[in-house]
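Student: Take this structure first; my questions come after.
The values are calculated or read from the model by the stated rules, or taken from the named source; none is laboratory data. Remember, predicted model here, so these are calculated numbers, not experimental data. Cβ: placed from backbone, ideal geometry, glycine included. Neighbour counts: every protein chain shown. Surface accessibility is based on the protein's heavy atoms, side chains included, excluding ligands, DNA and RNA. Shrake-Rupley method; radii C 1.70, N 1.55, O 1.52, S 1.80 Å.
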Amino acid sequence: MEERLQKLLSAAGICSRRRAEEYIQAGRVTVNGRPARLGDKADLDRDRVEVDGRPLTVRGGHTYLMLNKPRGCVTTLSDEKGRRTVAELVEDCPARVWPVGRLDMDSEGLLLLTDDGALTHKLTHPSHQVEKEYQVWVRGNVERALSILAAPILDGGEILTADRVERTGPHTLTVVIHQGKNRQVRRMCAAAGLEVERLRRVREGRVLLGGLRPGSWRPLTPEELGFLQD
């Protein structure tokens with residue numbers, strides 16, 4: 001059956017439909033050896049579609065995405081208050097995916113989404129020790145706070161611990177955790193007398209956010225998926 005090229009590229013896990021339009025306009029997509037144009041359709045059962053010279057095949061199985069979640073967006077599939085959700089940011093993904101873990105509304109950065117329940121459990125359960133790394137911009141006495149953040153902190157009846165805390169600038173920290181408690185980094189910083197101005201997740205396990213633009217998503221590469229499944 002013929003489908004628009006944007007849908008075929010998205011279904012194959014190459015890129016989002018919006019990004020597929022850019023690929024087509026840049027001449028990176030061909031159909032049966034001819035440069036594709038916006039609005040073109042193809043049937044993979046009879047047509048040869050190539051992206052950067054590589055043949056396109058529809059990927060089966062589960063879907064795995066990386067989103068650079070912006071601030072002001074909630075990590076839910078729907079919101080009764082009418083706030084913008086991560087589901088809206090990946091609405092052009094052909095699969096119904098859900099967030100793996102959470103980032104609070106005021107935080108930003110790397111968020112994984114999938115329709116794979118087993119991988120979701122692995123990445124969100126503390127027993128699997130999946131590290132998450134954050135860049136944190138703060139106000140307050142950073143030097144004093146470092147020793148507090150390096151030790152277990154009792155907050156709201158929970159013990160919060162960081163795997164590593166490093167000062168990377170006058171008012172910036174790198175914080176690595178694996179617990180994944182609700183608003184954990186913000187709560188730890190508050191207990192240490194720091195006010196968080198900005199918080200961005202940049203790594204989960206061995207998967208890096210890199211240069212993905214805020215609000216954009218892309219499929220995970222086979223290598224990145226292998227890192228998460230190991």
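Student: Given the whole protein assembly as supplied and a 1.4 Å probe, what does the accessible area of TRP137 come to in Å², nearest 10?
Tutor: Ignoring ligands and nucleic acids, TRP137 comes out at about 70 Å².
Student: Still on this structure, please answer the following. Which percent of the accessible area of segment 48-123 is formed by carbon and sulfur heavy atoms (probe 1.4 angstrom)?
Tutor: Numbers: 1730 of 3610 Å².
Here it works out to 48 percent.
Student: Follow-up. Quick one: net charge of GLY39's neighbours, Cβ under 11 Å, K/R +1, D/E -1?
Tutor: +1
Student: On average, how much accessible surface per residue is there in segment 10-159, in Å², for a 1.4 Å probe, leaving out ligands, DNA and RNA?
Tutor: In whole numbers, segment 10-159 has 54 Å² accessible per residue.
Student: For segment 127-186, with all protein chains present and a 1.4 Å probe, just round the carbon and sulfur fraction of the accessible area to a whole percent. Intermediate results must be reported in sequence, preceding the final value.
Tutor: Details: 1560 of 3260 Å².
Answer for segment 127-186 is 48 percent, counting heavy atoms of protein chains only.
Student: Follow-up. Cα to Cα, under 26 Å, and not fewer than 8 places away if on the same chain: which lysines meet these conditions relative to LYS7?
Tutor: LYS41, LYS69
Student: Another one. For every other residue with a beta carbon closer than 13 angstrom to the beta carbon of GLU21, add +1 if it is Lys or Arg and -1 if Asp or Glu, then tell me the sum.
Tutor: +4
Student: If you count only protein heavy atoms and use a 1.4 Å probe, how large is the accessible surface of HIS125, to the nearest 10 Å²?
Tutor: HIS125 has an accessible surface of roughly 80 Å² with all protein chains in place.
Student: Let me check against my output: what whole-number percent is the relative contact order of the chain, with C-alpha pairs under 8 Å and at least 6 apart?
Tutor: The normalised contact order for the chain reaches 21 percent.
Student: Okay, moving on. State, as an integer percentage, the relative contact order of segment 21-107 based on alpha-carbon contacts under 8 Å between residues 6 or more apart.
Tutor: About 20 percent, as a whole number.
Student: Which value in deg cm²/dmol, rounded to the nearest 500, describes the helix-derived mean residue ellipticity at 222 nm for the chain, given -39,500 (n - 2.57) per DSSP H run of n ≥ 4 and division by the residue count?
Tutor: After summing the helix terms and dividing by the residues of the chain, the value is -6000 deg cm²/dmol.
Student: What accessible area per residue comes out for segment 173-230, rounded to a whole number of Å², with a 1.4 Å probe?
Tutor: Working: 2680 Å² over 58 residues.
Per residue, segment 173-230 has 46 Å² of solvent-accessible surface.
Student: Given N residues in segment 124-230, what is Rg(Cα) / (2.2 N^0.38 Å)?
Tutor: Segment 124-230 yields a ratio of 1.13.
Student: Quick one: what does P(r) look like for segment 1-66 with 10 Å bins over all Cα pairs, in whole %?
Tutor: Calculated over all Cα pairs of segment 1-66, the distribution is 23, 60, 17, 0 percent.
Student: Sticking with this one: Would you list ARG186, ARG164 from the most to the least accessible area, probe 1.4 Å?
Tutor: Numbers: ARG186 40, ARG164 90 Å².
So, going from the largest accessible area down, we get ARG164, ARG186.
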